Amino acid sequence: MWTLDDGRVERGVAEVDAAFCELLTQADRITDGEEARFNAAVGIRIDELQAYVLGGMTGRIADYSARAMKVARQALLDEWKFQVRSHRFRYQPVLTAAQQRNLEILKKDGVVCLDPIPETASDLWNKMWWERRLLRRQADRLPWGRCAMALDPHSPAGVMLQRTLRRVGVFELASAYLGCRMEFLYAALDHAHERQAWYKGCYADVGVDTSETAYMHLDADCDIVKAMLYLTDVKPENGAFRFVRGSHRWVRSPFLVALYKGFDCEQDAYFERAQNTLDYEGGYYRPRFHAADHRRELMCLPSSFRGSTHFGDDVIDGTPLSKRLLASEDVFVGSRGTFVLFHGAAGIHRGSQVSAGERWAIQIAFRASKQKSERPPRYVNERLASLRYQLRRLKHLAVNF
Ligand SMILES: [Fe+2]
């Protein structure tokens, strides 16, 4: 019978990680040929590891693992390219004293509460009357599911939000944190409510309750910094945002984090999405751990491969790890306008898990720009995009009148 040697896999993973970390130390000296350098130093070791792990594996789990490895390889290559770019386009904005203080906190804790912006939150709330109506309808249609939508950047609320972000200097803060110029990536309106259950009951079939650390996760996107803006008053039971203080500095295997991201992303090849496209049929957000047949196949993998970026659901209550995570977790309660910036790529966080009432919030993502300087706005294009939004809304209202 074919078996894998966990020790050999762990040595292979350590070799990939060592090669990757060594490569990163050269990021300040590279001017071209990033991909070839990556392939020669890291890719070749991933190939060796993949050949060993997949050598005797067959069936669905072999196909799944190959897909995950491919994503992992690409994620490490992207991170390497990002590091090279951020050295090439080194960006150090001038900060005010208050921004400097926030930067220190962000570096130390991975999360920082910015000055609240209650008036902006109220204005956004009013401007998003249509989006809120859509999400209320969505909550009724699929009560257990996630309830969020991308905010059109050219909608009244989208435009106002981006102006506010510029005014309060959050781009400079995020840029100083990652050392490269950051740009707006997206904003999403999130309606969390007590009927939701998408994070519950992973192991209910074997009598294990939803863990206290459920939905703790990392985003694993190296070039992204995020923010959370509350549109309603939020108490702990209303799905408050939570962040494990300092966890963005915990040492992890770059390869395994990338691989877990690969396994998570490739779930779509094996599981049907629910009607809201955010969840999966079956009602749980990590179906590969929920479905008994997939869970059995997972056990064919080397033990270090059996993880997820969304690992909190697998931590057993009462264990030292669970206690440590919960003890370091900050709960961000606050009134409308509470504004939190966090390094979700590397820091452990969660939110939207409501036990009573509801929470309305906007999640904002900033991404490291691939351009050295900002492109001038194209007024005609932006005006057209704004008109398209208005037309879409009008059409929707006419049809649903
Ligand atoms: Fe996240």
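Throughout, read-outs are computed from the coordinates displayed, never taken from laboratory work. Bear in mind the structure is a predicted one, so any value in this text is a computation, not a measurement. Positions of Cβ are backbone-derived with ideal geometry, glycine not excepted, and every protein chain shown enters the neighbour counts.
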Pairwise centroid distance, computed over Cα atoms, of segment 168-221 with segment 87-141, Å: 14 Å
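Take Arg336, Arg67, Arg163, Arg29 and order them by how many other Cβ atoms sit within 10 Å, fewest up front.
Values: Arg336 21, Arg67 18, Arg163 11, Arg29 8.
Least to most surrounded, the residues fall as Arg29, Arg163, Arg67, Arg336.
Suppose every Lys and Arg Cβ carries +1 and every Asp and Glu Cβ carries -1, with no other charges. What dipole size does the chain come out with about its Cα centre, to the nearest 20 debye? Write down the numbers at each step before the final one.
Values: 57 positive and 51 negative charges, 298 e Å.
My answer is approximately 1440 debye.
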Percent of Cα pairs exceeding the 14 Å cut-off, where the set is segment 332-401: 79 percent
Reciprocal mean inverse distance between Cα atoms of segment 110-266 - Kirkwood radius, Å: 18.3 Å
Distance between modelled label sites at Arg195 and His87, nm, 7 Å Cα→Cβ extension: 5.3 nm
Cβ-Cβ FRET estimate between Arg167 and Ala36, R0 fixed at 56 Å, reported to 0.05: 0.80
Surface/4 estimate of mean projected area, convex hull on alpha-carbon atoms of segment 188-249, nm²: 6.1 nm²
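Fewest Cβ neighbours within 10 Å first, please rank Phe38, Phe243 accordingly. Show your work: numbers first, answer last.
Working: Phe38 23, Phe243 27.
Ranked by crowding around the Cβ, least crowded first: Phe38, Phe243.
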P(r) of segment 57-130 over all Cα-Cα pairs, binned every 10 Å from zero, in whole percent: 14, 18, 24, 25, 16, 4
Efficiency of FRET from Cβ geometry, Arg136 and Ala292, R₀ 41 Å, rounded to 0.05: 0.70
Equivalent ellipsoid semi-axes - Cα gyration tensor, segment 1-98, angstrom: 34, 14, 13
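Please sort by residue number the GluC sites (Glu not before Pro) in segment 152-217 whose DSSP state is loop and whose Cβ has at most 16 other Cβ atoms within 10 Å.
On the way: sites: Glu172, Glu183, Glu194, Glu212; in loops: Glu194, Glu212.
In loop regions of segment 152-217 (DSSP not H, G, I, E or B), the sparsely surrounded GluC sites (Glu not before Pro) are Glu194, Glu212.
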Phi to ³J(HN,Hα) by Karplus 6.51 cos²θ - 1.76 cosθ + 1.60 over segment 264-277, Hz, x for Gly, Pro: 5, 5, 7, 4, 4, 6, 10, 10, 6, 6, 6, 4, 7, 6
Amide H contacts under 5 Å for Thr338, placed H, 5+ residues apart: Ile117, Tyr230
Distance-filtered residues of segment 271-289 - backbone nitrogen under 11 Å, label point 7 angstrom along Glu212 Cα→Cβ: none
Given Lys108/Lys226; Lys108/Lys372; Lys127/Lys395; Lys107/Lys323; Lys81/Lys261, the pairs whose alpha carbons are separated by over 22 Å: Lys108/Lys372; Lys107/Lys323
Amide H contacts under 5 Å for Tyr186, placed H, 5+ residues apart: Ala365
Coarse-grained scattering of the chain at q = 0.11 Å⁻¹, given as base-10 log I(q)/I(0) from a Debye sum over alpha-carbon atoms: -0.91
Sorted peptide list for 124-135, 197-208, criterion being average Cβ within 10 angstrom, highest first: 124-135, 197-208
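Multiply the residue separation of Asp6 and Tyr52 by 0.36 nm, subtract the distance between their alpha-carbon atoms, and state the gained length in nm to one decimal.
Details: separation 46, 0.36 × 46 = 16.56 nm, distance 1.12 nm.
Taking 0.36 nm per residue and subtracting the Cα distance, the gain is 15.4 nm.
Give the shape of segment 237-315 as rounded, prolate or oblate, defined through the alpha-carbon gyration tensor: a ≥ b ≥ c are the square roots of its eigenvalues, a/c under 1.5 means rounded, and otherwise the shape is prolate if a/b is larger than b/c and oblate if not.
Details: a/c = 1.97, a/b = 1.13, b/c = 1.74.
In terms of gyration-tensor shape, oblate.
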Diffusion coefficient, µm² s⁻¹, Stokes-Einstein with Kirkwood Rh over alpha-carbon pairs of segment 95-154 at 20 °C and 1.002 mPa s: 146 µm²/s
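With a 10 Å Cβ neighbour count serving as the proxy for reagent exposure, in which order, fewest first, do Arg252, Arg181 appear? Mind dumping the intermediate values first?
Numbers: Arg252 13, Arg181 22.
Final ranking by Cβ density, sparse to dense: Arg252, Arg181.
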Reachable aspartates and glutamates, given that their alpha-carbon falls under 18 Å from the alpha-carbon of Lys370 and they are not under 8 places away in the same chain: Asp28, Asp32, Glu34, Glu35, Asp78, Glu79, Glu172, Glu183, Asp221, Asp223
Relative contact order (percent, whole number), the chain, Cα cutoff 8 Å, 6+ residue spacing: 28 percent
